[in-house]
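Asks: First the structure, which I've put down as structure tokens, then a few questions once you've had a look.
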Amino acid sequence: MKAQFISTDYVYKWSVIENNVDADLITKFIWKAQDLNIQAALGENLYRKLLNDCPNFTGNYLTLVKDYIQPAQTEWVVYHALPFINFRLTNKAVSQKSSDNSSPSGLDELKWLRDQVRTNAEFLSAHIVTGK
């Protein structure tokens with residue numbers, strides 16, 4: 001199995017996603033964020049090097065992963081997961097989750113929230129390359 005730069009525990013600790021969200025669901029978005037967004041920010045060669053070194057990073061590579069990649073990837077996980085925390089695709093239909101104590105967000109609120117998260121993720125991803 002390919003190496004991951006972050007874990008579900010990291011996502012729960014450093015993002016707005018609560019630890020009662022299914023870890024299997026979050027793992028899917030860890031992979032998506034890493035493959036789509038982090039690889040794009042790093043470029044193919046550096047991405048492959050880090051995958052091969054994971055989790056035994058040292059020196060500047062450790063700084064790159066801890067200070068830049070992990071925070072950016074966490075934001076991208078939230079971005080990709082948001083619609084699927086609220087909606088489920090089943091063999092019967094696309095359904096919206098609800099509970100006795102809360103009501104699901106509407107599409108406009110979800111779009112607004114994703115825009116906020118995307119802004120943060122893009123900012124952090126830009127700093128992967130510049131290191132600033």
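The values are calculated or read from the model by the stated rules, or taken from the named source; none is laboratory data. Bear in mind that the values here come from a model prediction, so they are computed numbers and not experimental data. Here the Cβ positions follow ideal geometry from the backbone for every residue, glycine too, while neighbour counts run over all protein chains shown. Just the protein is used for accessible areas: all its heavy atoms, side chains included, with ligands, DNA and RNA removed. Shrake-Rupley method; radii C 1.70, N 1.55, O 1.52, S 1.80 Å.
Asks: If a residue must be modelled with pLDDT under 85, open to solvent by 80 Å² or more (accessible area, probe 1.4 Å) and under 25 Å from Asp35 (Cα atoms), how many such residues does region 73-129 contain?
Replies: Of the residues in region 73-129, 2 are modelled with pLDDT under 85, open to solvent by 80 Å² or more (accessible area, probe 1.4 Å) and under 25 Å from Asp35 (Cα atoms).
Asks: Moving on. Restricting to region 39-64, name every residue that is surrounded by fewer than 20 Cβ atoms within 10 Å (Cβ to Cβ) and within 15 Å of the chain's Cα centre (by Cα).
Replies: Passing the criteria: Gln39, Ala40.
Asks: What do you reckon, is Ile69 crowded, with 16+ Cβ neighbours inside 10 Å and touching a Phe, Trp or Tyr at 6+ places or on another chain (Cβ under 7 Å)?
Replies: Answer is yes for this residue.
Asks: Before we move on, is Leu36 within 18 Å of Val129 (Cβ to Cβ) and either under 13 Å from the mean Cα position of the chain (by Cα) or of a type in the set (Phe, Trp, Tyr) (or both)?
Replies: yes
Asks: Looking only at region 1-36, count how many residues are in contact with a Cys (Cβ under 7 Å, 6 or more places away or on another chain) and under 17 Å from Leu124 (Cα atoms).
Replies: 1
Asks: One residue is enough: does region 10-19 have a residue meeting the conditions at negative phi and at pLDDT below 95?
Replies: For region 10-19, residues at negative phi and at pLDDT below 95: absent.
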